[in-house]
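The values are calculated or read from the model by the stated rules, or taken from the named source; none is laboratory data. It should be emphasised that the depicted structure is a prediction, and the values quoted were computed from it without experimental measurement. Please note: Cβ atoms are built from the backbone with ideal geometry, for glycine as well, and neighbour counts cover all protein chains shown.
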Amino acid sequence: MSSSKRGNRLSGYVPDYVVFDLETTGLSPNTDEIIEISAVKAEGGKVKETFSTLVNPGRPIPREASMVNGITDDMVAGAPKLPEAIKEFSEFIGKQVLVGHNIRSFDLKFLSKAFLKLYGKDLENDYIDTLFMARSCLKELSHHRLTDLASYFHISTEGAHRALSDCIMNQKCFEEMAKRLPKSPPEGEGMRCPKCGGELVERKGRFGAFYGCRNFPACRFTQNIR
């Protein structure tokens, strides 16, 4: 059994990162397949390079999925199979922090399945899920879908539900939300775990309060509150 683990979820902002998005045949990582992978690489908050490929799932794409993302069987007929697409994607992202919207509950589950099958290990890049960020810094919104964020920031939603368009949209939203993060967070908030880079949060223990890593139990770092 592989000893690798998925990367840690970060809650702050980093200037160098890769925004990625998937399109799939459905919602289940157990029974559905990836049909498009796109990514946008940013340095210093500016887009430097893009990656995008359709993926041949080796099975018909359900009509319901095509109605959402516009991807059809004819479009993927000559596209690479998943192993080739994942290899290219892996080379593109390297060890960069990954950014995406609702990736913890959706996209990363599909990628974990693919990486475990192809490489025998999970995707180990740390990541930032902009859905969590939006819920934290845009509390005035009743919904936090990517298109809701884009509309709020007056960012074009043209091409929504195609992977590369969603990456470009999310990169802009990520940069806008970063402006709303506190510059000097209160003590105990926004503190980083020195072991894994995760956020330290206040917890209650047998001997009183302490700071613990949000990535527990994968990371068991603790720090006394002075």
| field | segment 126-156 - residue that is of a type in the set (S, T, N, Q) and over 10 Å from the mean Cα position of the chain (by Cα) and, of those, nearest to TYR13 (Cα to Cα) | value | SER136
| query | Which one is farthest from the chain's Cα centre (by Cα) among residues in segment 4-52 that are among the polar types (S, T, N, Q) and crowded, with 20+ Cβ neighbours inside 10 Å? | reply | THR25
| message | So in segment 97-146, with the set limited to residues that are of a type in the set (D, E, K, R) and part of a helix (DSSP H, G or I), which one is surrounded by the most Cβ atoms within 10 Å (Cβ to Cβ)? | response | ASP107
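Please work out if PHE92 is out of contact with any Phe, Trp or Tyr (no Cβ under 7 Å at 6 or more places or on another chain) and either surrounded by 16 or more Cβ atoms within 10 Å (Cβ to Cβ) or not hydrophobic (A, V, I, L, M, F, W, C) (or both).
Working: out of contact with any Phe, Trp or Tyr (no Cβ under 7 Å at 6 or more places or on another chain): no; either surrounded by 16 or more Cβ atoms within 10 Å (Cβ to Cβ) or not hydrophobic (A, V, I, L, M, F, W, C) (or both): yes.
Judged against the criteria, PHE92 is not a match.
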| remark: Here the residues within segment 1-31 that are under 21 Å from LEU164 (Cβ atoms) and free of Cβ contacts under 8 Å to residues at least 40 places away in the same chain are GLY26
| field | Of the criteria (1) at pLDDT 85 or above; (2) touching a Cys at 6+ places or on another chain (Cβ under 9 Å), which one LEU138 fails | value | (2)
